[in-house]
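The values are calculated or read from the model by the stated rules, or taken from the named source; none is laboratory data. Here the structure is a predicted model, which means the values were calculated and not measured. Glycine also receives a Cβ, built like all others from the backbone with ideal geometry; neighbour counts cover every protein chain displayed. The accessibility values were calculated without ligands, DNA or RNA, using every heavy atom of the protein model including side chains. Shrake-Rupley method; radii C 1.70, N 1.55, O 1.52, S 1.80 Å.
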Amino acid sequence: MSAPHILESVAGHDATADTPTAPPSPAVQVAVPTRRRAPLSWSMRIGLAVLVFYCAVALLSLVWTPFDPLSPGVGEGYMPPSREFLLGTDRLGSDILSRIMAGARYDLGITLVAVTIALVVGTILGTIAGYYGGTVDIVISRCVEVFQAFPGLLFAMLVVKAVGPGVLNIILVMSFIGIPDYLRLSRAEIRSRRNWPYAEAARMVGNRSWQVAFRHLLPNSAGPLLAFTSINAAFVALVTASLGFLGLGLDPNTPEWGSMIARGQDGVMTGEWWLSFFPGLAILGMTGAFYLLGDALSDLTDPRRRR
Amino acid sequence: MPLALMILRRLFWIIPVALGVVTITFFAARVFTGDPTELYTPPEATDELRAQIRERLGLADPLWVQYGKYLSDLLRGDFGMSFTTGLNVGADLSDRLPATLELGLVGMVFGVLAGVPLGVIAAVNRERWPDFLVRGVTLGGMALPQFWIGLVLIWIFFVTLGWLPGPVGRLPIGVNPPPLLTGFLLIDTALAGDGEKFRLALRQLALPALTLGLTTLAPVARVTRASMVEALQSDYIRTAIAMGHGRRVVWFRYCLRNALLPVVTLIGGVAGHVFGGAVLLESIFGWPGLGQYALQAIERSDFAALQGFVIYASLLYVLAFLAVDVLYMLIDPRMRTP
């Protein structure tokens, strides 16, 4: 970058940035070095605790469930919740509690892996687009626009129907759907900061451009990205369950929560509510925890919301 | 003139976006799902008959020829023929559009009319019980799958209480629809002066609209709350209170108006996804709209139908965000200065 450019951005006047974000005001700059640890908010605590609980249940289900989640006929069909079958049995006489426990493996596992892939790929592409700008940026941004206008669930249905059911296929589809969002967010973050004084300083001492982008600018955008990741995880979990509900995601006998709800749909009409009700509560707990965590993270990282 | 110019520019951008969406759907559907001829051919058909059917479905040409033909038809407003209904997709879509729009509009209006006041109540009672209550309800509304909410509402209001009719579509079975004018049953029955049918249509609409409304209400209330909380802390509100205005006047006349901008964006986003979201909602309630059409198209590899639906959905999305930007310029004077 040329010298006048540096002067411009030091003076707080940035002609090239997309958004008129000024460099941080003195008050914020002073606040950063004082390492005052804020107490963890309640939403953070609850969100983390619930997610840890779900992970524990998913792991536990590998070695122990009250009954075999996959075998039908451990009880009679349509048994209401009782001492023996805490959450009742489904049409085929499988234990619903065991199936919900085993379902945590699918719903939580798919969500976590898919979100991680989308976060990594989307952020790398977004950082490149945001930092370098130019043709790369235009091409990437236009592609994002097209994909965002596309109904996400429909795309997932189309691809899953084509490539066939399977955990890996769902993970890939779900991460693909998520990439544009991460791309847009990280691009905006990097773009608003790439001419801040610390980025100029990093360039002046001889860092290569990718080092400035990924080592200096990206870590400073971690807060908003992580907050979004948590909220996006809730969305991914809901779409995964939706695919299961439509019978597209996995083998219909898989104890995935969405397909369990679909299996119990007829029961709801005749009064056997527990078939669909409890898997929904399982989804509520997981997605709710992701939302709480995301809220807490954005409170932490957005100084305006910390007041 | 900047407003008109912006609208024109944005309308122009619809063309590449629509082209991209059409292209993706076209190739995704064909490459992913392969040749659907078998679905539409009796198993005992001879090879000759099979080839004829393939020809008639327009699948015999190379992919690029099919694509070029589809695009040139589309430019002339021809959406192609649906494999399943045998009719023109454009006619199919406009037949089903009013059902989806009616449900979407009623549901969203309910969601917004309930969500904004709830958000205000939560914000002005921050960290007190009304706030916790609203936050709890909205968290549930966002964290629960829409299809589950729909099923539970059916279970409560139809199965258990028997207050509302079951999920059988827009009118009870055996009731003839009113003379077709707009396709919106509530309007058509009202125009025909048929009070009884109006009531029946409204009762059928209640549960799906409530489901959509609840899932709309949740994010609307949350965003309203967050934005109100921020506005309440601003200097001009402090000034307004210091000058002795009543609290209600400050909240609703000064604060809410400034806090509504992010809510407008959100509503635009929700509206833009109404068609996409209709896929699940309509399948639960047997609602004969675009969503069911799309679901059927996916299940039966009905390419032209699927492409038509995706074009509709993406157009709605782009137009919804255009409307948001226009509204912004009308609401916020700062946006009007170039």
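So the values come out like this:
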| quantity | calculated |
| --- | --- |
| Summed buried accessible area for B+A [probe radius 1.4 Å, Å², rounded to 100] | 3900 Å² |
| Per-residue mean of C-beta atoms belonging to partner chains within 10 Å, peptide A:279-290 | 3 |
| Where region A:163-268 is the region considered: accessible area per residue in Å², 1.4 Å probe | 37 Å² |
| Alpha carbon centroid spacing (whole Å) that separates region B:256-317 from region A:135-196 | 18 Å |
| Choice from A:SER209, A:SER276, A:SER82 with maximal GNM fluctuation in chain A (Cα, 10 Å cutoff) | A:SER82 |
| Approximate spin-label separation B:ARG334-B:LYS69, in nm, with each point projected 7 Å along Cα-to-Cβ | 5.6 nm |
| Net dipole in debye of the protein assembly as shown [+1 Lys, Arg Cβ; -1 Asp, Glu Cβ; about Cα centre; nearest 20] | 2700 debye |
| Cα centre as origin, Lys/Arg/Asp/Glu Cβ charges: region B:237-317 dipole, Debye | 820 debye |
| Fluctuation leader among B:MET81, B:MET243, B:MET228 - chain B, Gaussian network, Cα springs under 10 angstrom | B:MET243 |
| Per residue solvent-accessible surface (Å²) - region B:60-186, probe of 1.4 Å | 49 Å² |
| Cα lying deepest toward the dipole's positive end in region B:97-288, options B:TRP163, B:ILE187, B:ILE241, charges on Cβ | B:ILE241 |
| Residues in region A:248-267 that a label on B:VAL159 would reach, taking backbone N under 13 Å of a point 7 Å out along Cα→Cβ | A:261-267 |
| 10 Å Cβ neighbours from other chains, averaged over peptide B:301-311 | 1 |
| Accessible-area value, B:LEU113, 1.4 Å probe, nucleic acids and ligands omitted, Å² | 120 Å² |
| Most mobile listed residue (A:PRO252, A:PRO151, A:PRO80) in chain A, GNM with C-alpha springs under 10 Å | A:PRO151 |
| Heavy-atom accessible area, 1.4 Å probe, ligands and nucleic acids excluded: residues of region B:17-38 down by at least 30 Å² from chain alone | B:VAL17, B:VAL21, B:ILE24, B:PHE32, B:THR33 |
| Virtual spin-label span in nm between A:MET269 and B:HIS245, 7 Å along Cα→Cβ | 5.5 nm |
| Spin-label proximity, A:ASP68 to region A:90-120 - amide N less than 18 Å from point 7 Å beyond Cα toward beta carbon | A:90-103 |
| Average beta-carbon neighbours from other chains, 10 Å sphere, peptide B:147-159 | 5 |
| Low-density loop cleavage sites - chymotrypsin sites (Phe, Trp or Tyr not before Pro) in region B:160-246, where at most 11 other Cβ are within 10 Å (DSSP) | B:TRP163 |
| Shape of the protein assembly as shown, Cα gyration tensor, a/c cut at 1.5 | rounded |
| Rounded percent of accessible protein surface that carbon and sulfur make up, the protein assembly as shown, 1.4 Å probe | 67 percent |
| Per-pair calculated FRET efficiency, R0 = 30 Å: A:ARG91 and B:GLN296 via Cβ, rounded to 0.05 | 0.75 |
| Packing rank of B:68-79, B:90-101, B:172-183, where each peptide gets the mean count of other beta carbons within 10 Å, highest leading | B:90-101, B:68-79, B:172-183 |
| Helix-derived mean residue ellipticity, 222 nm - over chain B, DSSP H n ≥ 4, -39500 (n - 2.57), to 500 | -23500 deg cm²/dmol |
| Calculated FRET value between A:VAL52 and A:SER82, using beta carbons and R₀ = 22 Å, to 0.05 | 0.15 |
| Inter-site label distance for B:ARG56 and B:ARG199 at 7 Å from Cα along Cβ, in nm | 4.8 nm |
| Within chain B: Cβ-based charge dipole about Cα centre, in debye rounded to nearest 20 (Lys, Arg +1; Asp, Glu -1) | 1720 debye |
